[in-house]
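Asker: One structure, pasted below without further comment.
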């Protein structure tokens, strides 16, 4: 906590106090900021509990260390289900690792971000310039369904594992608060960020200029790009996303566009279709969505984990199928469908787990 | 008074139940139950109804049935007060909903739903239609257990309850909030069918709260050394964003109110930061902490996302200002003009740098422009509604709007944006939007420049 004094303000407050003591008037009205003492001081323990941010200069970084191999163990248990064994998975999130080279590490700029690159993704390791960013984010927001549950050393370990996958550190590395500044000097895109102040300051000037031409302006008026046919109803029937009254309706995008000029066909039928709520309700499919189960499990097919029908097929006829599945949902498991384990899902209540289990047992439809 | 009261319901009688016998009361109750049952049954199914544009009546036609034959709502008794203690929109309006863009994201907790701009009026977004962007799912937090901490380069590090905050002097101001990724999929080619998906990550509300400057003054922030503040959320993502101290001391609001009620849970109940003019990700929801510091934090959403990929392979970091932008909301993509003739072309304009000074509209793909009417109020860093008359001759037309803000900045064309920033960026796409009205009356999304 900083200590400093503000002579001018303190003086003003003293003066005010003296003045009103003399005048014996309605001091409550005259005090400049009578709300000044609302709230209370934070205790050191409270600040410690919440002040978890880590800056690029490593202010805020707690002491600790973690090896690549320890990090790998944590990774396989808690991270691989979404990010893939090697941080390369594009199934649930954009890949973390990939697209960087030894030459990038030397130069501090990632070649695959330059024009002409055919690398299909912009991975985290391609973009991130500051290693502190990764430490801070893993610590505050991961794992996805149980943020802030990794120990300090586990955060070091998981970060060391990611960095080793990108060849920033060797496979036997132990990352710690003591050597993280050295690691920063090997971040592949450490020289890849620029700061353009006018887009940060409200008072700045824009970097792209247009002029407000009003008449016979130089344009081509040619349609350079238009909505591809497949995109016409990719967002559902637009007719059902527009009001049923007014001068303009939604187009029925389940049908091809009308071929006749406007006004020659009868006006479209108007339909009110209430959209089904995306979540809420205790039915199984809503639970699958709200708990992100469908990020890893398809209904019929494997995404990261097995499809729900594949689970049913494997265990068909099991007498205690529902309780078995409740246990698997809540506690996780591994080795039955492949190497990637399913992490425990402690946020799912027993009742909700049962709803899902019964839905799977009942055919997963 | 009639002995048989079964048909009394529906007529106006002064406080009848006070004057009725027990037997008569029971009769009245039975009649009401029948009536309510019928009303509910009618309300249950909302199916299709015929289109209802005004058409000339055929010669000799006596008139329309909806006028000549009185409808039930003119001849029956309506529903009681507080039937729905928290009112909802008409069932006829249920097409206008927040919607997701299929395939845009893979996890529903880190996703987006878009505001149906195509059907909204004026400048205020109904709270239930305010766009959503969550980074790790939303919560409905018990406000009695929510705290705001201010720490770092301050004389006294403080904790505030909601009781404390709501006791402080407050302001109510109307501001737009736009996601930095609004219109993102169209840096390259056209990809989206309607304005809900091209521009629906912008909303505008009246926010109520205490100015952040008031809180920072109360804590005695270090006026010499403080250069930035960090805002942090209480949810799983604990979203963190760096804000310039000038910005923090200017018009940022630590807000609990939105459009006259408390914030909706999806929008950060009970407390969020309002950073006028700056992209929505900085408007940290479930705000739990403000730290005063002297360096930027390069948090995940300042170092991996919300950065602008430039043609030379660098990324611009900390480009938070939402520059001047506008879009015609009606007619817009996916809509259908029912006939030739007069239309009121309407849309929205906004700027993160100040007020909207002017909006011009073209119906010939940007060759000729006319200045639209701005509807009041025209407020700084708020959505501004514009309208302009148009008589459509039935020929193909390309509609565009172009906003100019109080700094004189003119909303750019997409090719002008690309000339500076390339096509591989995601964020801060504020180009002029083109809508093609085809001869069949259908409006579609195109690029013309």
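Asker: For region B:326-373, what does the convex hull of the Cα positions come to per residue, in cubic angstrom?
Answerer: Values: hull volume 4.7 nm³, N = 48.
With only Cα atoms used, region B:326-373 gives 98 Å³ per residue.
Asker: Also, I was wondering about something else. In peptide B:144-153, how many Cβ atoms from other protein chains are near each Cβ within 10 Å, on average?
Answerer: Per residue, the number of nearby Cβ atoms from other chains is 3 on average.
Asker: To the nearest µm²/s, what D does Stokes-Einstein give for region B:112-316 at 10 °C and 1.306 mPa s, using the Kirkwood radius over alpha carbon pairs as Rh? Don't skip to the answer; put the middle values down first.
Answerer: On the way: Rh = 17.6 Å.
Here the translational diffusion coefficient equals 90 µm²/s.
Asker: Hey, if you drop one equal point scatterer on each alpha-carbon of region A:207-352 and run the Debye formula without solvent, what base-10 log of I(q)/I(0) do you get at q = 0.09, 0.12, 0.18 Å⁻¹?
Answerer: After summing over all Cα pairs, the log10 values are -0.60, -0.79, -1.10.
Asker: Additional query: Let a ≥ b ≥ c be the square roots of the eigenvalues of the Cα gyration tensor of region A:65-184; is it rounded (a/c under 1.5), or, if not, prolate (a/b larger than b/c) or oblate? Please report the intermediate quantities before stating the final value.
Answerer: On the way: a/c = 1.89, a/b = 1.29, b/c = 1.46.
Oblate, because a/c is 1.5 or more while a/b does not exceed b/c.
Asker: Moving on. In Å, what Rg and Dmax follow from the Cα atoms of the protein assembly as shown?
Answerer: When restricted to the Cα atoms of the protein assembly as shown, Rg and Dmax are 30.0, 98 Å.
Asker: Moving to a separate point now. If I build a Gaussian network model for chain A, linking alpha-carbon pairs within less than 10 angstrom, which residue out of A:79, A:293, A:217 has the largest mean-square fluctuation?
Answerer: Of A:79, A:293, A:217, the most mobile in the Gaussian network model is A:217.
Asker: Turning to a different aspect of this structure: When DSSP beta bridges are limited to those with both residues in region B:112-316, what percentage is antiparallel, rounded to the nearest 5? Walk me through the numbers on the way to the answer.
Answerer: Working: 38 of 42 bridges.
Given both bridge residues lie in region B:112-316, the antiparallel proportion sits at roughly 90 percent.
Asker: Based on the alpha carbon coordinates of region B:325-446, what radius of gyration and maximum Cα-Cα distance (Dmax) apply, in Å?
Answerer: For region B:325-446, the Cα radius of gyration and maximum Cα-Cα distance read 14.5, 41 Å.
Asker: Hey, what's the Kirkwood Rh for chain B if you take every pair of different alpha carbons, in angstrom?
Answerer: Computed over Cα pairs of chain B, the Kirkwood hydrodynamic radius comes out at 25.0 Å.
Asker: A further question on this structure: Taking chain B as a Gaussian network, where each spring joins two C-alpha atoms under 10 Å apart, which residue of B:394, B:60, B:347 fluctuates the most?
Answerer: Comparing B:394, B:60, B:347 in the GNM, the peak value goes to B:60.
Asker: Pull out a ≥ b ≥ c, the square roots of the eigenvalues of the alpha-carbon gyration tensor of region A:284-361, then state rounded if a/c is under 1.5, prolate if not and a/b is larger than b/c, and oblate in the remaining case.
Answerer: On the way: a/c = 1.24, a/b = 1.05, b/c = 1.18.
Rounded.
Asker: Regarding region B:115-181, what is the average projected area of its C-alpha convex hull, in nm²? Mind dumping the intermediate values first?
Answerer: Values: hull surface 30.2 nm².
That works out to 7.6 nm².
Asker: Please give the Cα centre distance for region B:83-160 versus region B:235-272, rounded to the nearest Å.
Answerer: If we compute the Cα centre of each part, the gap is 11 Å.
Asker: Treating the angle as unsigned and between 0 and 90°, give the value, to the nearest 10°, between the Cα long axis of helix B:22-44 and the longest Cα principal axis of chain B.
Answerer: 50
Asker: Now, a different point. What would the Debye equation give as log₁₀ I(q)/I(0) for chain A at q = 0.10 Å⁻¹, counting only Cα atoms as equal point scatterers?
Answerer: Taking Cα atoms of chain A as identical point scatterers yields -1.00.
Asker: Summing -39500 (n - 2.57) over the DSSP H runs of n ≥ 4 in chain B and dividing by its residue number, what mean residue ellipticity at 222 nm do you reach, to the nearest 500 deg cm²/dmol? Spell out each step's value before the answer.
Answerer: On the way: 9 runs with 68 residues, N = 449.
Mean residue ellipticity at 222 nm (helix-derived): -4000 deg cm²/dmol.
Asker: Which of B:181, B:82, B:382 ends up with the largest GNM mean-square fluctuation for chain B, with Cα atoms connected below 10 Å?
Answerer: Result: B:82 has the largest fluctuation of those listed.
Asker: A follow-up question, please. Rounded, prolate or oblate, given the Cα gyration tensor of region B:241-352, with a/c below 1.5 counting as rounded? Display every interim value, and only then the final one.
Answerer: Values: a/c = 2.65, a/b = 1.51, b/c = 1.76.
Oblate, because a/c is 1.5 or more while a/b does not exceed b/c.
Asker: Quick check of the Kirkwood formula: for region B:181-266, what is the inverse mean of 1/r over all pairs of different Cα atoms, in Å? Walk me through the numbers on the way to the answer.
Answerer: Numbers: mean 1/r = 0.0628 Å⁻¹.
Across region B:181-266, the inverse of the average 1/r is 15.9 Å.
Since every read-out is calculated from the coordinates, none of them should be taken as a lab result. Computed from a predicted model, the values in this text were never measured in an experiment. FYI the Cβ positions are ideal-geometry reconstructions off the backbone, even for glycines, and counts take in every protein chain you see.
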